[in-house]
1. Pick out, from Cys18, Gly261, Cys314, the residue whose Cα sits farthest towards the positive end of the charge dipole of the chain, with +1 on the Cβ of Lys and Arg and -1 on the Cβ of Asp and Glu.
2. Please report the relative contact order for the chain, taking Cα pairs under 8 Å with a sequence separation of at least 6, and give it as a percent rounded to a whole number.
3. By a straight-distance test (C-alpha under 14 Å), which aspartates and glutamates pair with Lys406 as possible cross-link partners, with residues fewer than eight away in the same chain excluded?
4. Can you list residues from other chains, or at least 5 along the same chain, whose modelled amide H is less than 5 Å from the amide H of Val5?
5. In the stretch 2-198, with Lys and Arg counted as +1 and Asp and Glu as -1 at Cβ, which of these residues, Thr97, Gln72, Ala178, has the Cα nearest the positive end of the dipole, that is, farthest along it?
6. Pick from His79, His15, His89 the residue whose mean-square fluctuation is largest in a GNM of the chain, springs joining Cα atoms under 10 Å.
7. Where nothing but the Cβ of Lys and Arg (+1) and of Asp and Glu (-1) is charged, how large is the charge dipole of the stretch 77-153 around its Cα centre, in debye to the nearest 20?
8. Go from 0 up to the bin containing the longest alpha carbon distance in the stretch 205-307, width 5 Å each, and give me the % of pairs per bin.
Amino acid sequence: MRISVIGCGYLGAVHAACMAKLGHEVVGIDVDERKVELLEAGEAPFYEPGLPELLTEARATGRLRFTTDMAQASTADAHFLCVGTPQVHGEFRADLTYVEQAFAALQPHLKAGDVVAGKSTVPVGTAETLAARLDGTGAVLVWNPEFLREGFAVKDTLHPDRLVYGLPTDEDGEPTAAGVVAREVLDTVYAVPLSEGTPLVVTDYATAQLVKVAANSFLATKISFINAMAELCEATGADVTRLADAIGYDARIGRRFLNAGLGFGGGCLPKDIRAFMARAGELGVSDALGFLREVDSINLRRRVRMVDLAREVCDGSIVGKRVAVLGATFKPDSDDVRDSPALSVAAQMQLQGAHVTVTDPQGIRNARAKWPDLRFADSALEAATGADVVLLATEWDEYRALEPDKLADVVAHRRILDGRNVLDPQAWRAAGWTYRALGRP
């Protein structure tokens, strides 16, 4: 297939490279000239394992190119809309500015038979509005949500755990003639993963738009549930990790995403659940998603509680104390610091009088741009030198593997806060450390 990918940020750059890997001819289009220059040179504008190698490989085949010229989309038959939908400043709802702009820029270059596939996470009802603008053009809109995990985006695109097609339907809920043709186009695009047995859900616009936000809301709820249990464990002396192990054996619950700690962050879960609540309010069904407000609240409380825990281990005050924060990104294997719990806690401690030094394997540049007043170090040992307390805030493998005795050689006081419940308490305590974690005695 000849494919255009509109928007070459995290989603679009990965999608474009993976589509070329699958054998399609792909042009990626973005308004950011610097981003396009990097991608044309085979360099990723962000950290994602495996993407630089994939870009180099795809560029070498001649099947992948990047440009700022939207007119280049006219050579394609399938167009993937991959622009961002950030949270509106000061509100919960999603900002559709980039979607609107990209769609408007693409429209003049569409021809009869073209398929426009929306991948951006949008409020339900957006697809219907955009589809109406294609009436009479012969082009058809489908909604094809993405399910990428940062750190695993290449794998999730080449070998997805499911594919969802939201097609135009008639009054009986069946795909229209244009919808049937559009499905055939998507089947061709995704021929390889479909041949590997990837489950396919074919549905209507509304359902397809709800899938991603519903999935993210469920995951956020599961994380906040175990963090709520952590609050109870702290009040009773119970161990939230053992609790999670025990209930996780129930196949209906499962152990994944039952890890208590600093909670979730990033550019998807927080803004998606808030936009979901905002859209429910617009539709007159705000009560249906009222529980998500508590999910959000629990998540934010964990950050405050971690600052309180630091104060406890520092004899009641962090004023003037040296704090080493290991991790700046919202999760490992990423350089994304958007709504990062690690950075949020570091900034709160700094504002409350602590001297904070942050380190991260990939996120320092982005973290420094967001919080220039924080100090940064290139390694865990450097950050921890002279520290009164060390906080593991992002569960990078290199932090999980830290040796208590080695770290003890550089700190002022042996106090470790395990913000992700990934360290072995017995090993750290045996080495003379005061070990504390959220939800553990």
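Values quoted throughout were computed directly from the atomic coordinates according to the rules given, and no laboratory measurement underlies them. Everything quoted here is computed from the prediction, not taken from an experiment. Counting neighbours? That spans all protein chains shown, and the Cβs are built from the backbone with ideal geometry, glycine included.
1. Cys314
2. About 12 percent, as a whole number.
3. Counting by Cα, and skipping residues close in sequence, Lys406 has these aspartates and glutamates nearby: Glu382, Glu398.
4. Amide H neighbours of Val5, under 5 Å, 5+ apart: Val27, Gly28, Ile29, Phe80.
5. Value: Gln72.
6. Ranking His79, His15, His89 by mean-square fluctuation puts His89 first.
7. On the way: 5 positive and 9 negative charges, 12 e Å.
Dipole magnitude for the stretch 77-153 comes out near 60 debye.
8. Histogramming the stretch 205-307 at 5 Å steps yields 2, 13, 21, 22, 18, 13, 8, 3, 1, 0 percent.
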